[in-house]
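These notes concern the structure reproduced below.
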Number of protein chains: 2
Amino acid sequence: MTQGKKGTITLTDNENTVSVHSYAAAVGKMEGDGPLGSYFDYVSKGAQLGEPTWEKSESKLQKYAFDMALRKGQLTREDVSFYFAGDLLNQCTVSAYSARESNIPYLGQYGACSTMAQTLAMAGVFSRGNNSYCAAITSSHFCSAERQFRFPINYGGVRPPTAQWTATAAGCCITGTEDKSPYLSKATIGIVRDMGEKDANNMGAAMAGAAYDSLSRHFDNTNTTPSDYDGIFTGDLGQVGSDILKELFIKEGRDISMVHNDCGLMLYDRNEQDVHAGGSGCGCSASVLCGYILPGVESGKFKRILFAATGALMSTTFVQQGESIPGISHVVEITHERI
Amino acid sequence: MTQGKKGTITLTDNENTVSVHSYAAAVGKMEGDGPLGSYFDYVSKGAQLGEPTWEKSESKLQKYAFDMALRKGQLTREDVSFYFAGDLLNQCTVSAYSARESNIPYLGQYGACSTMAQTLAMAGVFSRGNNSYCAAITSSHFCSAERQFRFPINYGGVRPPTAQWTATAAGCCITGTEDKSPYLSKATIGIVRDMGEKDANNMGAAMAGAAYDSLSRHFDNTNTTPSDYDGIFTGDLGQVGSDILKELFIKEGRDISMVHNDCGLMLYDRNEQDVHAGGSGCGCSASVLCGYILPGVESGKFKRILFAATGALMSTTFVQQGESIPGISHVVEITHERI
């Protein structure tokens, strides 16, 4: 890896290639019923996956995504050198418990809902440095997340229109150094940005500024414009955050709207599914990446895309103490051809 | 970085050097009253540091450690390319809020009390890859951690003899690529190990197996024995975990006891200070590393040491659900001369 301007890492260049060797997405029933349902490798029949607790259900989704990515890549666990994982639960505990079964050196990552881009960038850096396979895995689960961050499901609280729906989903990428599509080209690491948002039910607004900052730095550091990409996928700003992001770019004369889409808006059909402003959670962008975006890049349907996962670095404790919610977004550039 | 056997990364070799450019430790009053009190760069008069909440007090400790490490290294924030930080609080929130003030690309790390070794290894990898300065920062605070993991302080619960005392402390290393002591030689990334311990008041026992595993792999992967080091510092196994670790090594015919010490046992005077089995928390090993160990390596008092921070990947939710507590330990080899 070599560093360009602030925060941008080069993964694939003239001398080295870093690519996604294989990938898989495992999702819950509701996500399977959504518009991308047919793209996922595994759709569960319910939210429990035969486990006694939501936390264990979520661990199982991570495990499924990892095992399927290995199988699709004709690898075994022994072939993977480092395991980067993260989730939303306190103490990143779902990831720790799934890593416990892997017997692979583990580095826990936390970037809230931006974690898929963070783990992917880290796995890419370690693959390049070690010429080895690395795993990048994240997950979320509606029932475990709602209880922890807002209210227990049984409480039946009414959610405001700005609220997003935490996806029950997991995604896994196995990175390697083969000279093949999809290539991990570059990554721009997020800087924490705070828009002063204090409403835990308006994550999109809290994250939009961070996505704007990271995408802007990526354009500047790589001398590109939005029109150089045929897809800019934020995840998971939802409707509220996506609108703010596009406005921020239009104000400075850059228009991303023709190539922009948001994983939180793609995962569900908002006319049919009651998800309010869209999907969210580490597993939201992870499953859209591994189910829909990466196959598109691999086949050449997408030539060059940006995956800009977004996270609200929210703590219920800090929010209760009156603090605003900082956001972060990590950007990974993924290409069909080596550039 | 190049990879040797499972999980060991080489940072300094014939072609490249990675070193700790500067470092600083900031601690609370009780830690300042302990046997290492005079080694720390900053000792607060109380636990609050003038802040209205314990979480903000802890954020301030991180900020102090970072600012002092910059000053001691004659750097400014603009000189630092990546900011790796972590802590024990839910959603790694203290680190996110301290990163918010830094304006530096941020990668949140979570390895429970092993996080200082994790951030240091990651900062070393990124310094080497980018030929740049990177920050590795962790913290903990007795009052914020006790409330979250066990009971609020005001409850006055009686702590069992196996319990450890979460240190109010923070440490920061700025890594770089200068050819100077202390060198970051190698790092062995931890594999999650579970000894079946279910008692949230016996973290030492939960972590000892992970320390044993990572140290064993480090010895094997680097063809070294305990006698090649003049210090093996685990942190923070406390008395219970340290005894288990030494026994595990003796069983296989390797004796680490002549060079072993534990950050949790070094930070406090257990005859005078009521800390039961010893200190713990991300800030415990971080402050002992930055206050005591690194100056020793820099001066040549220590020629070659292992810093093996240990973490209990505990979640109160999982423990309440009857799950055992997995442990992890990351090992960083630090040397006075380039080897």
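The values are calculated or read from the model by the stated rules, or taken from the named source; none is laboratory data. None of these values were measured; they are calculated from a predicted model. Glycine also receives a Cβ, built like all others from the backbone with ideal geometry; neighbour counts cover every protein chain displayed.
Return only the number of the condition from (1) away from every other protein chain (no Cβ under 14 Å); (2) out of contact with any helix residue (DSSP H, G or I) (no Cβ under 6 Å at 6 or more places or on another chain) that A:ALA170 does not satisfy.
(2)
Within the stretch A:224-302, which helices (runs of 4 or more DSSP H) (wholly inside it) include 2 or more residues that are under 19 Å from A:ALA163 (Cα atoms), modelled with pLDDT of 95 or more and out of contact with any strand residue (DSSP E or B) (no Cβ under 8 Å at 6 or more places or on another chain)? I'd like the intermediate steps shown before the answer.
Working: elements: A:238-251, A:263-266, A:282-288, A:294-299.
Qualifying helices (runs of 4 or more DSSP H): A:238-251.
Restricting to the stretch B:48-84, give me the number of residues that are of a type outside the set (Asp, Glu), more than 17 Å from A:MET314 (Cβ to Cβ) and within 11 Å of chain A (Cβ to nearest Cβ). Reasoning before the result, please.
Within the stretch B:48-84, the subset of a type outside the set (Asp, Glu) is B:48-50, B:52-54, B:56-57, B:59-66, B:68-77, B:80-84.
Those left that are additionally more than 17 Å from A:MET314 (Cβ to Cβ): B:48-50, B:52, B:54, B:57, B:60-66, B:68-77, B:80-84.
Restricting the remaining residues to those that are within 11 Å of chain A (Cβ to nearest Cβ) gives B:52, B:54, B:80-84.
The total comes to 7.
Taking the condition of being over 21 Å from A:ALA117 (Cβ atoms) and of a type in the set (A, V, I, L, M, F, W, C), how many residues in the stretch B:81-110 meet it?
The qualifying residues number 3.
In the stretch B:250-269, which residue that is buried (at least 19 other Cβ atoms within 10 Å of the Cβ) and touching a helix residue (DSSP H, G or I) at 6+ places or on another chain (Cβ under 7 Å) is farthest from B:ALA286 (Cα to Cα)?
Within the stretch B:250-269, the match that is farthest from B:ALA286 (Cα to Cα) is B:ILE256.
Take the residues in the stretch B:125-169 that are closer than 12 Å to B:TRP54 by Cα and aliphatic (A, V, I, L, M), then tell me which one is nearest to the chain's Cα centre (by Cα).
Going through the qualifying residues, I end up with B:ALA145.
For A:ILE153, state whether it is of a type in the set (Val, Ile, Thr) and crowded, with 21+ Cβ neighbours inside 10 Å.
Working: of a type in the set (Val, Ile, Thr): yes; crowded, with 21+ Cβ neighbours inside 10 Å: no.
When the stated conditions are applied, A:ILE153 does not pass them.
Quick one: how many residues across the stretch A:161-181 are modelled with pLDDT of 95 or more, buried (at least 24 other Cβ atoms within 10 Å of the Cβ) and not aliphatic (A, V, I, L, M)?
Final tally of qualifying residues: 6.
Just checking, how many residues over the stretch A:39-54 are farther than 23 Å from A:CYS263 by Cβ and of a type in the set (Asp, Glu)?
Qualifying residue count, the stretch A:39-54: 1.
Please enumerate the residues belonging to the stretch A:305-339 that are more than 11 Å from every other protein chain (Cβ to nearest Cβ) and surrounded by fewer than 19 Cβ atoms within 10 Å (Cβ to Cβ).
Of everything in the stretch A:305-339, those that are more than 11 Å from every other protein chain (Cβ to nearest Cβ) and surrounded by fewer than 19 Cβ atoms within 10 Å (Cβ to Cβ) turn out to be A:GLU337, A:ARG338, A:ILE339.
Which members of the stretch A:182-197 meet the condition of being touching a Gly at 6+ places or on another chain (Cβ under 6 Å), modelled with pLDDT of 95 or more and of a type in the set (A, V, I, L, M, F, W, C)?
Answer for the stretch A:182-197, where residues must be touching a Gly at 6+ places or on another chain (Cβ under 6 Å), modelled with pLDDT of 95 or more and of a type in the set (A, V, I, L, M, F, W, C): A:LEU184, A:ILE189.
Within the stretch A:239-270, which residues are under 16 Å from A:MET116 (Cβ atoms) and either of a type outside the set (A, V, I, L, M, F, W, C) or not assigned by TED's automatic domain parsing to the domain that holds A:GLY296 (or both)?
If the condition is that a residue be under 16 Å from A:MET116 (Cβ atoms) and either of a type outside the set (A, V, I, L, M, F, W, C) or not assigned by TED's automatic domain parsing to the domain that holds A:GLY296 (or both), then A:ASN261, A:ASP262, A:GLY264 are the ones that fit.
Do any residues in the stretch B:134-148 that are outside any strand (DSSP E or B) have Cβ atoms under 6 Å from those of residues that are of a type in the set (D, E, K, R), where the two are at least six apart or on different chains, and which pairs are they?
From residues that are outside any strand (DSSP E or B), the pairs are B:HIS141/B:GLU58; B:SER144/B:GLU55; B:SER144/B:GLU58.
Please specify each residue of the stretch A:95-133 satisfying the condition of being of a type in the set (A, V, I, L, M) and more than 9 Å from chain B (Cβ to nearest Cβ).
Listed by number, the residues that qualify are A:MET116, A:ALA117, A:LEU120, A:ALA123.
Does any residue of the stretch A:112-123 turn out to be within 19 Å of B:VAL94 (Cβ to Cβ) and without any contact (Cβ under 8 Å) to a residue 40 or more places away in the chain?
For the stretch A:112-123, residues within 19 Å of B:VAL94 (Cβ to Cβ) and without any contact (Cβ under 8 Å) to a residue 40 or more places away in the chain: absent.
Could you list, ordered by first residue, the pairs with Cβ atoms under 8 Å in which the first is in the stretch B:183-198 and within 8 Å of another protein chain (Cβ to nearest Cβ) and buried (at least 21 other Cβ atoms within 10 Å of the Cβ) and the second is part of a loop (DSSP other than H, G, I, E, B) and of a type in the set (S, T, N, Q), at least 6 apart or interchain?
B:ILE191/A:ASN103; B:VAL192/A:SER102
Among (1) closer than 22 Å to A:ILE232 by Cα; (2) buried (at least 23 other Cβ atoms within 10 Å of the Cβ); (3) not acidic (Asp, Glu), there is one condition A:PHE142 misses while meeting the rest; what is its number?
Tallying (1) closer than 22 Å to A:ILE232 by Cα; (2) buried (at least 23 other Cβ atoms within 10 Å of the Cβ); (3) not acidic (Asp, Glu), A:PHE142 fails exactly one: (1).
For the stretch B:103-142, enumerate the residues that are on the phi < 0 side of the Ramachandran plot and out of contact with any Gly (no Cβ under 9 Å at 6 or more places or on another chain).
B:LEU120, B:ALA121, B:MET122, B:ALA123, B:GLY124, B:PHE126, B:ASN130, B:ALA135
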